[in-house]
Amino acid sequence: MSETLLKVQGLKTYFFLERGTVKAVDGVDLEIKKGEILGLVGETGCGKSVTAMSILRLIQSPPGKIVEGKIIFEGKDLLKKSSEEMRKIRGTKISIIFQDPHTCLDPVFTIGYQIAEPIELHQVIEQHLMSAKEVPKKVVEMLKLVRIPDPEQRVAEYPHQFSGGMKQRAMIAMMISCNPSLLIADEPTTAVDVTIQAQILDLMRDLKRKLGTSILLITHNLGVVAEMCDRVAVMYAGNIVEQAEIMTLFKSPKHPYTRALLAAVPKVGSKKKELETIPGTVPSLITPPPGCKFHPRCPYAMDICKKEFPQMTKIGKEHLVRCHLYSKSKGGAT
Amino acid sequence: MTATLALLVSGLSFSKLTAKRPKERPSVKKNAKIPKEHLVEIRGLKKYFETKKGIFAREKKWVHAVDDVNFYIRRGEVFGLVGESGCGKTTVGKLIVGLIRPTAGEIYFDGHNLTEFDKEEMRKLRRRMGVIYQHPQSSFNPRMTIHTILSRPIEIHKIAKGEKMEEIILKVLKEVGLEPQHLDRYPHEFSGGQQQRIAIGRVLVLNPDFVILDEPTSALDVSVQAYILNMLGKLQSKFGFTYLLISHDLNIVEHMSDRIAVMYVGKMVELADKTELRKNALHPYTRSLLTVAPIADPTRKRKGVIIKGEVPSTINPPSGCRFHPRCPYAKPVCKEKEPAFKGIGGGHYVACHFVKSRTHKWPSPRK
């Protein structure tokens with residue numbers, strides 16, 4: 001459980017636009033261990049998806065560019081790989097599931113054909129792990145694994161014949177067909193209904209158990225995080241502001257933003273009539289506020305918060321916070 | 001030319017005749033007694049939509065969007081309507097404000113039968129109703145300034161003019177936390193949360209009695225959602241609104257509502273007070289909904305099972321109880337007979353063959 005699979009260090013991904021440079025990801029450090037589910041939470045535009053796309057080197061350039069940092073995957077820096085090497089890694093070692101399966105599946109090809117494609121490319125042509133004849137059997141097997149009923153018939157169907165939840169499951173089948181060691185799930189259940197969401201989350205948990213895949217789960221839904229993850233990283237305006245084990249984060253959140261976020265969720269059985277809110281709005285990523293980016297909205301803001309960008313401070317086992325309140329040398333440079 | 005036209009017309013009417021048309025609106029009962037306390041009451045409401053399948057389609061199909069729904073909303077309460085996509089919750093909202101006409105059934109608003117109203121009467125009555133939609137940006141005209149957006153309803157309903165109108169607008173702006181300098185801006189200049197506040201403002205200028213909130217915060221982030229929900233709560237207690245809150249998010253509905261109704265594939269399956277529903281949900285569908293809704297608390301252990309299968313289509317809904325193909329307790333009777341939506345005491349209504357009283361105990365389901 002303690003072996004590191006992926007380590008992101010000081011990742012900075014900027015988008016160079018006419019109206020200025022958008023610092024979408026501005027120094028992100030992440031670590032995913034083997035066989036764990038790491039949650040990446042944050043509100044719209046905080047840089048969660050850009051982080052995921054940076055890991056896969058799928059940032060559109062121009063205008064986007066990874067300007068700094070390291071992405072160490074299985075001991076090697078992905079940012080130093082050639083695009084041909086990256087192509088081989090995508091799908092076999094690292095896969096991604098997106099929010100909207102409707103736009104990811106090609107409407108003119110059958111589901112079976114689309115699931116067979118990565119298997120043929122990676123496992124038959126590149127790695128010679130199986131012969132082309134075995135592919136159809138493997139496709140049916142994958143559909144069975146993601147619990148699609150009558151997989152033998154379903155392989156010949158087109159995406160429009162599948163419901164939303166089934167499409168998402170077909171996407172998962174496609175993405176795990178080459179046994180990736182890391183699966184990035186970018187809002188995998190945002191577009192589906194609650195009962196279907198429960199089925200998909202259950203399936204992902206099951207796959208993690210069976211195949212030992214590590215999962216980076218990107219979501220804005222704190223409920224999903226609570227149910228799925230081992231550890232959580234909270235992102236705000238391009239930075240990770242707090243990182244902790246799931247129980248620690250929900251029981252004793254330290255960063256004022258994490259606290260506010262948790263307090264803003266309606267609680268079951270709570271008698272309180274009012275929810276906590278965060279004053280102000282999410283800052284611009286082109287001209288973020290100086291110092292701590294959260295200080296204009298923070299109820300505990302001090303003078304130093306306006307001037308100095310806080311460093312990540314370790315305050316417990318696996319618990320990191322980026323806040324001056326917990327800095328070891330308050331008021332001084334760290 | 002005329003011959004072809006005539007042929008076409010006759011062909012059309014012929015296809016209309018051959019299509020199995022659902023029953024027409026039954027004659028309205030004149031002496032329907034609606035308790036004064038019920039601001040909105042709905043009886044046997046049905047809405048079937050025709051599917052358009054091109055000119056070669058032989059058979060017309062009907063989408064059973066809302067199929068025999070009965071409920072009432074008390075004055076000053078927040079009535080929550082939960083369900084998954086396509087269960088007909090939004091259609092119920094649209095039927096109440098008269099944006100679409102029901103296939104059958106009656107809708108009473110403050111004692112008036114809306115299904116008897118003509119367009120003009122409906123337009124007048126709509127002053128007393130407001131709707132807030134999920135995507136505020138698509139409900140605004142992008143070429144109108146905020147001032148125009150807010151003043152239009154006042155002009156249309158001839159509530160005030162000139163200075164008096166400006167007074168109302170400024171008052172409403174303050175109420176939703178916006179500044180007078182925002183009035184000359186356009187909708188796209190605002191964030192999602194601010195746009196939703198403008199949408200709330202547009203409802204407030206008419207000072208309605210009844211507001212439909214159709215997924216008011218689904219497009220918003222958690223922190224903004226909290227702000228909007230708080231604002232809606234405050235406005236309700238200040239102006240005495242009655243809300244119909246439509247949402248797929250059980251946590252939000254539970255936070256806001258007094259009573260909650262659950263819909264599944266065009267039918268209402270359960271209705272109860274919010275505490276009763278949380279503690280004593282009896283319909284198997286409601287029970288599984290409560291189980292699967294993710295809750296931001298990692299210490300909570302999941303009770304019950306995740307239901308299998310997909311949400312069925314409303315074009316050919318399952319026979320009998322519509323939940324039977326997914327229900328862990330289904331018996332042959334569920335496939336044959338449709339369960340009645342009946343009261344079991346304490347304002348608790350359930351549509352299930354097996355639930356006869358509030359003390360009904362389900363055995364723990366096996367996977």
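Here are the numbers for the structure shown:
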| read-out | value |
| --- | --- |
| Search result, residues across the stretch A:40-90 that are part of a loop (DSSP other than H, G, I, E, B) and more than 16 Å from the chain's Cα centre (by Cα) | A:60, A:61, A:62, A:63, A:74, A:75, A:81, A:82 |
| Qualifying residue in the stretch A:115-133 (condition: crowded, with 20+ Cβ neighbours inside 10 Å and touching a residue at least 60 places away in the same chain (Cβ under 8 Å)) | yes |
| Subset of the stretch A:233-259 (residues that are within 12 Å of chain B (Cβ to nearest Cβ) and within 20 Å of residue A:12 (Cα to Cα)) | A:234, A:236 |
| Subset of the stretch B:238-284 [under 19 Å from residue B:359 (Cβ atoms), within 14 Å of another protein chain (Cβ to nearest Cβ) and either in contact with a Cys (Cβ under 6 Å, 6 or more places away or on another chain) or in a loop (DSSP other than H, G, I, E, B) (or both)] | B:281, B:283, B:284 |
| Within the stretch A:238-253, considering residues that are crowded, with 24+ Cβ neighbours inside 10 Å and not polar (S, T, N, Q), the one farthest from residue A:310 (Cα to Cα) | A:249 |
| Which listed residue, of A:251, A:167, A:208, is out of contact with any Phe, Trp or Tyr (no Cβ under 9 Å at 6 or more places or on another chain), closer than 27 Å to residue A:293 by Cβ and of a type in the set (Lys, Arg) | A:251 |
| Yes/no for residue A:96 being in a strand (DSSP E or B), touching a helix residue (DSSP H, G or I) at 6+ places or on another chain (Cβ under 6 Å) and away from chain B (no Cβ under 14 Å) | no |
| Every residue from the stretch B:294-311 that is modelled with pLDDT of 80 or more and not small (Gly, Ala, Ser) | B:294, B:295, B:297, B:298, B:299, B:307, B:308, B:310, B:311 |
| Considering residues of the stretch A:284-304 that are surrounded by fewer than 19 Cβ atoms within 10 Å (Cβ to Cβ) and touching a helix residue (DSSP H, G or I) at 6+ places or on another chain (Cβ under 7 Å) only, the residue farthest from the other protein chains (Cβ to nearest Cβ) | A:304 |
| Conditions (1) assigned to a helix (DSSP H, G or I); (2) within 11 Å of chain A (Cβ to nearest Cβ); (3) crowded, with 16+ Cβ neighbours inside 10 Å; (4) out of contact with any His (no Cβ under 9 Å at 6 or more places or on another chain); number of the one not met by residue B:287 | (2) |
| Of all residues in the stretch B:205-237 being part of a helix (DSSP H, G or I) and touching a residue at least 40 places away in the same chain (Cβ under 8 Å), the one that is farthest from the other protein chains (Cβ to nearest Cβ) | B:235 |
| Enumeration of residues in the stretch B:170-192 that are touching a helix residue (DSSP H, G or I) at 6+ places or on another chain (Cβ under 8 Å), surrounded by fewer than 20 Cβ atoms within 10 Å (Cβ to Cβ) and outside any loop (DSSP other than H, G, I, E, B) | B:170, B:175, B:180, B:182, B:183, B:184, B:188, B:192 |
| Selection from the stretch A:1-34 of residues that are over 15 Å from the mean Cα position of the chain (by Cα), closer than 22 Å to residue A:228 by Cα and not basic (Lys, Arg) | A:1, A:2, A:3, A:4 |
| Counted residues, the stretch A:217-232 - those being within 13 Å of chain B (Cβ to nearest Cβ), among the hydrophobic types (A, V, I, L, M, F, W, C) and within 27 Å of residue A:92 (Cα to Cα) | 6 |
| Total residues in the stretch A:184-216, condition within 14 Å of chain B (Cβ to nearest Cβ), crowded, with 20+ Cβ neighbours inside 10 Å and either among the acidic types (Asp, Glu) or farther than 23 Å from residue B:290 by Cβ (or both) | 1 |
| Which numbered condition residue B:300 misses (of (1) facing another protein chain (nearest Cβ under 9 Å); (2) crowded, with 21+ Cβ neighbours inside 10 Å) | (2) |
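Matching residues to (1) more than 14 Å from residue A:239 (Cα to Cα); (2) surrounded by fewer than 21 Cβ atoms within 10 Å (Cβ to Cβ):
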residue	(1), (2)
A:32	yes, no
A:35	yes, yes
A:40	no, no
A:50	no, no
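Here's the yes/no breakdown for (1) closer than 30 Å to residue A:136 by Cβ; (2) in contact (Cβ under 8 Å) with a residue 12 or more places away in the chain:
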site	(1), (2)
A:172	yes, yes
A:186	yes, yes
A:209	yes, no
A:219	no, yes
A:240	no, yes
A:244	no, yes
A:259	no, no
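The values are calculated or read from the model by the stated rules, or taken from the named source; none is laboratory data. Because the structure is predicted, anything quoted here is derived from the model rather than measured. All Cβ positions, glycine included, derive from the backbone under ideal geometry; neighbour counts span all protein chains shown.
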